[in-house]
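The values are calculated or read from the model by the stated rules, or taken from the named source; none is laboratory data. All of these numbers come straight from a predicted model, not from anything done at the bench. Positions of Cβ are generated from backbone atoms using ideal geometry, with glycine treated the same way; all protein chains shown enter the neighbour counts.
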């Protein structure tokens, strides 16, 4: 499965494989890519906005210049013909700067940052990554490991609950299963000695 996002000079490609995904990007400053396990996809995110501040600020300056020019013409009772030109140019620049901005949801992982452009596929990409994350974490950590210490198993299932991978009831069942397994393992050697 592959998702391709394009906005302005930015192109982001998410290639989803069975056990991992690849995030590739291209923009004005260069290109790159990185592979991530689904389990490493962070749950916390931030918003980042890329916009042309220079164009916006110049637009505001021209609007201010136009307002001053128009105000001076009104004050001096001069002709108003052509006095709104800089206001119009400034408004065009501000509107252009507004509609050319790119908004990202940013997930900061150990291997690097994952930028999801806020456009039509945004929610679908994040939902798919989260679904696969849950599946991979369950595959890796969802069952009781009899070789682990009981405390580690309890911590593991409490962590899975915190990550919203399993419900509270499932966490309690897995912890009870681990406790029962450890209890049985301690009783078996004693029974054999008798």
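What to note about this one:
- Exactly one residue out of 113, 152, 145 is outside any helix (DSSP H, G or I) and farther than 28 Å from residue 34 by Cα: that is 145.
- Pairs with Cβ under 6 Å, 6+ apart, first in region 127-140 and at positive phi and at pLDDT 95 or above, second buried (at least 19 other Cβ atoms within 10 Å of the Cβ) and assigned to a helix (DSSP H, G or I): none
- Subset of region 13-31 (residues that are loosely packed, with under 15 Cβ neighbours inside 10 Å and out of contact with any strand residue (DSSP E or B) (no Cβ under 6 Å at 6 or more places or on another chain)): 17, 18, 19, 28, 29, 30, 31
- Among the candidates 170, 162, residue that is out of contact with any strand residue (DSSP E or B) (no Cβ under 9 Å at 6 or more places or on another chain), farther than 20 Å from residue 35 by Cα and either exposed (fewer than 14 other Cβ atoms within 10 Å of the Cβ) or at pLDDT 95 or above (or both): 162
- Any chance residue 150 is under 14 Å from residue 21 (Cβ atoms) and surrounded by 14 or more Cβ atoms within 10 Å (Cβ to Cβ): no
- Residue 90 on the phi > 0 side of the Ramachandran plot and either surrounded by 16 or more Cβ atoms within 10 Å (Cβ to Cβ) or touching a residue at least 12 places away in the same chain (Cβ under 8 Å) (or both): no
- The set of residues in region 1-32 that are touching a residue at least 40 places away in the same chain (Cβ under 8 Å) and over 18 Å from the mean Cα position of the chain (by Cα) comprises 1, 8, 19.
- Within region 38-49, considering residues that are out of contact with any strand residue (DSSP E or B) (no Cβ under 6 Å at 6 or more places or on another chain) and loosely packed, with under 13 Cβ neighbours inside 10 Å, the one nearest to residue 19 (Cα to Cα): 43
- Taken as a whole, the structure places residue 82 among residues that are at positive phi and at pLDDT below 90.
Yes or no, residue by residue, for (1) crowded, with 16+ Cβ neighbours inside 10 Å; (2) over 30 Å from residue 129 (Cα atoms); (3) modelled with pLDDT of 90 or more:
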{"site": "9", "(1), (2), (3)": "no, no, no"}
{"site": "34", "(1), (2), (3)": "no, no, yes"}
{"site": "51", "(1), (2), (3)": "no, no, no"}
{"site": "57", "(1), (2), (3)": "no, yes, yes"}
{"site": "77", "(1), (2), (3)": "no, yes, no"}
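- Conditions (1) without any contact (Cβ under 8 Å) to a residue 60 or more places away in the chain; (2) touching a strand residue (DSSP E or B) at 6+ places or on another chain (Cβ under 7 Å): number failed by residue 35: (1)
- Subset tally (residues that are within 30 Å of residue 177 (Cα to Cα) and within 18 Å of the chain's Cα centre (by Cα)) for region 104-151: 6
- Selection count, region 59-114, where residues are within 30 Å of residue 31 (Cα to Cα) and in contact with a helix residue (DSSP H, G or I) (Cβ under 6 Å, 6 or more places away or on another chain): 4
- Scanning region 105-117 for residues that are modelled with pLDDT of 95 or more and surrounded by 15 or more Cβ atoms within 10 Å (Cβ to Cβ) turns up 105, 107, 114, 115, 116, 117.
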